[in-house]
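Values quoted throughout were computed directly from the atomic coordinates according to the rules given, and no laboratory measurement underlies them. Everything quoted here is computed from the prediction, not taken from an experiment. Here Cβ is always computed from backbone atoms with ideal geometry, including for glycine, and neighbour counts include all displayed protein chains.
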Amino acid sequence: MLNLVLFGPPGAGKGTQSKKLIEKYDLIHLSTGDLLRGEIAQGTDLGLEAKKLMDDGKLVPDAVVIGMISNKLDANKEAKGFIFDGFPRTVAQAEALDQLLESKQSAISGMTALEVNDDELERRLLERGKESGRPDDANPEVIRKRIKEYNDKTAPVAGFYQNQNKFKNINGVGSVEDIFGAIIDVIEEYSK
Ligand code: ADP
């Protein structure tokens with residue numbers, strides 16, 4: 001089973017690369033951001049609660065996103081593997097994910113981190129905001145808050161996987177195809 005964590009700050013290109021990876025490897029894409037936006041679109045209680053935090057650039061509580069991921073793992077028992085995109089975003093989420101996978105006799109194969117500088121991230125997110133209509137992409141202040149949340153709470157997740165020798169960094173600035181190629185090289189390493 002290939003279970004890849006695609007890591008990187010908001011706007012690093014995780015969604016774009018995930019789409020290409022699921023096609024090539026026939027994996028299930030689990031994006032907590034997409035799942036949360038689905039809850040918002042359906043107007044669930046969870047969605048209403050999450051929306052306030054998301055629009056303010058803050059993280060949603062660990063228990064909420066862990067519960068969503070657990071449900072999705074259960075609903076896709078026959079999957080060849082998963083791409084985790086935007087999850088885990090805290091060390092507590094990473095620990096919970098290890099436990100969830102262990103209880104299913106599975107494990108994370110590895111993490112690939114896309115490295116992009118802050119100026120480029122802000123530029124990409126503002127650009128995306130023009131088309132995505134996402135409220136959290138429209139406001140420079142919210143974008144900077146999300147990048148700060150990433151640096152404070154999410155960046156340490158890299159160390160969690162580094163300690164398990166499951167971490168590889170790649171340059172997230174360049175053509176979509178070149179970056180895709182670099183991710184494939186990393187996956188081939190993890191699949192050995
Ligand atoms: P991006 O990575 O481009 O910022 P996402 O779609 O992954 O976008 O996430 C959007 C927002 O959803 C985040 O700013 C956060 O509020 C919330 N969110 C998504 N995933 C998580 C997570 N694993 N833990 C906590 N909050 C999350």
Can you give the helix-only mean residue ellipticity at 222 nm for the chain, where every DSSP H stretch with n ≥ 4 adds -39500 (n - 2.57) and the sum goes over all residues, rounded to the nearest 500 deg cm²/dmol? -18000 deg cm²/dmol
Suppose R0 equals 25 Å; then what is the FRET efficiency for residue 173 and residue 91 from their Cβ-Cβ distance, rounded to the nearest 0.05? 0.40
Apply 1/(1 + (r/R0)^6) to the Cβ-Cβ distance of residue 53 and residue 188, taking R0 = 35 Å, and write down the FRET efficiency to the nearest 0.05. 0.40
Distance between modelled label sites at residue 1 and residue 155, nm, 7 Å Cα→Cβ extension: 3.2 nm
If you take the beta carbon distance between residue 119 and residue 19 as r and set R0 to 22 Å, what does 1/(1 + (r/R0)^6) give as a FRET efficiency, to the nearest 0.05? 0.30
Dimensionless Rg/Rh of the range 39-166, both radii on Cα and Rh by Kirkwood, sits at 0.98
Starting from the Cα of residue 102, step 7 Å toward the Cβ, then list every residue of the range 1-28 with an amide N under 18 Å from that point. 3
Please compute the modelled spin-label separation between residue 126 and residue 34, points set 7 Å along Cα→Cβ, answer in nm with one decimal. 2.8 nm
